[in-house]
1. Add -39500 (n - 2.57) for each DSSP H run of 4 or more in the chain, then divide by its residues: what number comes out at 222 nm, to the nearest 500 deg cm²/dmol?
2. Measuring with a 1.4 Å probe in the full set of protein chains, what accessible area per residue, in whole Å², belongs to the chain?
3. Determine the shape class of segment 17-145: with a ≥ b ≥ c the square roots of the Cα gyration tensor eigenvalues, call it rounded for a/c under 1.5, and otherwise prolate if a/b is greater than b/c, oblate otherwise.
4. Calculate the FRET efficiency for V106 and A348 from the Cβ-Cβ distance with a Förster distance of 25 Å, rounded to the nearest 0.05.
5. Considering only the other residues whose Cβ falls under 10 Å of the Cβ of K290, what net charge follows from Lys and Arg at +1 and Asp and Glu at -1?
6. With labels modelled as points extended 7 Å from the Cα through the Cβ direction, what inter-label distance (nm, one decimal) is found for E366 paired with K27?
7. So for the pair V446, A413, with labels modelled 7 Å out along Cα→Cβ, what separation do we get in nm?
8. Restricting to Cα pairs below 8 Å that are 6+ residues apart, what does the relative contact order work out to for segment 1-108? Please round to a whole percent.
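The values are calculated or read from the model by the stated rules, or taken from the named source; none is laboratory data. These figures come from a predicted structure and were not determined experimentally. As a convention, Cβ positions derive from the backbone with ideal geometry for all residues, glycine included, and neighbour counts pool all protein chains shown. To get the accessible areas, we keep the full protein, side chains included, count just its heavy atoms, and leave off ligands, DNA and RNA. Shrake-Rupley method; radii C 1.70, N 1.55, O 1.52, S 1.80 Å.
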Amino acid sequence: MNYDAIVIGGGHNGLVTACYLARAKWKVLVLERRYLVGGACVSEEVWPGYKVSTAAYVNSLFRPEIIADLRLRDYGFEPIERDPASFSPFLDGRYLILGTGSSRDVEEISKFSKKDAENYPKYEAMLERVASVVEPTLTQIPPNLLHPTLGQLFQMGKMGKALQRLGPAMGEAVEVLTGAARPILDRWFESEQLKGTIATDAIIGAFMAPSMPGTAYVLFHHVMGETNGKRGVWSYVKGGMGGLTQAIARAAKDLGVEIRTEAEVAKILTKNGSVTGVALTNGDEFGAKKVASGVDCHLTFQKFLDPANLPPAFNDAVARISYSSASCKINVALERLPSFSALPGHEAGPQHRGTVHLCPDQDFIERAYDDAKFGRISQHPVVECTMPTSLDPSVAPAGKHLMSMFTQYAPYAPVDGGWTDAMRNDYADRCFDIVEQYAPGFKSSVIDRQILTPVDLENVFGLTGGSIFQGAMPLHQLFMFRPVPGFAGYATPIKGLYLCGAATHPGGGVMGAAGWNAARVMLRNV
């Protein structure tokens with residue numbers, strides 16, 4: 001059977017690409033290896049009655065333009081604003097709540113440092129200035145660095161002008177985009193409680209410590225976005241994160257997109273340097289002159305294609321892509337919400353609605369990373385917790401709760417051998433012990449748990465190395481360098497083959513921008 005376009009992978013980016021192509025009246029087929037679409041942005045009934053956001057767990061970055069274009073709210077997408085954004089308890093009985101509004105944030109921070117309370121609004125204003133330059137690039141097609149067109153040179157000039165408009169703040173912006181989070185936080189603030197809270201956002205999904213270059217951009221990544229038009233506000237999705245991707249899938253089907261699940265791709269078919277279709281592992285073949293791959297470069301170019309059909313220099317560049325990861329996702333079914341010693345209570349309150357940061361200071365993160373950089377599993381992991389049932393009781397049976405734990409550092413390949421069930425459980429126990437320190441009685445409330453190490457993230461979701469961003473995001477793997485220089489514009493050396501996933505600009509996170517950008521390029525290249 002022939003199609004105008006085939007999309008490999010039914011993740012959120014692949015579905016977005018399919019929708020925009022179908023809006024242009026293309027006949028589109030989406031092939032998804034798993035039993036449901038959504039990629040790493042799904043809700044799954046891990047235990048009866050629990051709708052678990054198995055991998056991705058919060059939303060803010062998904063582009064409002066796509067929500068409007070595809071009428072996703074009409075298809076059931078419902079973001080639930082989190083207020084406050086975060087809760088950080090400390091073992092001395094104090095706590096820090098952020099993201100409730102600038103005046104209240106200042107009041108909270110002043111409990112730890114009057115100076116930091118004065119600086120915090122200035123720090124946020126600095127990030128806003130940087131965002132004014134960076135956010136417009138998210139939906140731009142990156143230039144071909146090796147052979148830029150006149151239009152692309154003009155585009156780069158416009159970006160330079162935008163940086164120039166920052167004036168003396170340009171250096172600050174460059175540091176945020178390229179530097180380490182820790183020196184920036186140390187310059188702005190003195191309270192380790194505040195710095196430790198912010199620094200955890202600088203390492204999410206990154207096999208780095210806050211003192212390493214590149215973490216400032218990861219930190220900045222977490223202050224972009226919006227919910228319901230409110231800038232910087234993060235949300236849960238009603239029914240779990242699958243509420244977003246199922247809405248896109250429903251929109252896609254109404255646009256005429258054909259979606260096949262349990263359709264594992266074995267090979268991208270080519271002839272004379274052009275794509276001709278896709279073959280599945282079961283032997284089925286589908287023809288198309290355009291194929292968009294929503295999976296990473298390792299799978300696309302090193303598994304689905306014969307490297308002999310690609311330029312040697314391109315193969316070398318793809319082989320250099322880093323998929324380093326040390327993130328372990330633990331999903332937990334609970335009898336009740338935890339009661340934190342710093343702010344007791346099992347009833348849903350501000351301590352449960354946002355992200356719970358269990359991090360006393362930046363050194364705690366550095367020590368956890370020190371273990372991992374030598375291939376050891378962190379003795380004292382960095383743990384962040386979210387409890388969606390505090391705002392959306394629909395994702396668990398009546399009276400029960402869900403906790404999503406995003407933890408680091410759990411290396412993909414520990415030096416003392418591959419991941420075993422015993423190692424998984426030992427690591428999860430370490431994470432639970434940390435939560436227990438801050439919320440006595442937590443462990444006795446656990447009904448069940450699901451542990452997803454980097455190896456599991458690779459096996460379940462097709463994320464090479466367990467990299468949640470489809471490739472690490474240091475400066476040399478961003479924008480015009482992503483995935484490799486010369487091929488940042490979604491097209492590939494194979495005519496008719498495109499990339500549309502997080503392996504491309506603007507990278508990881510539930511944004512949809514990569515899928516939207518890729519569709520625009522494909523439609524332009526008819």
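1. It comes out at -9500 deg cm²/dmol, rounded to the nearest 500.
2. Here the residues of the chain average 38 Å² of exposed surface.
3. Oblate shape, in that a/c is at least 1.5 and b/c is the bigger or equal ratio.
4. 0.50
5. +1
6. Here the modelled spin labels are 6.2 nm apart.
7. 2.9
8. 15
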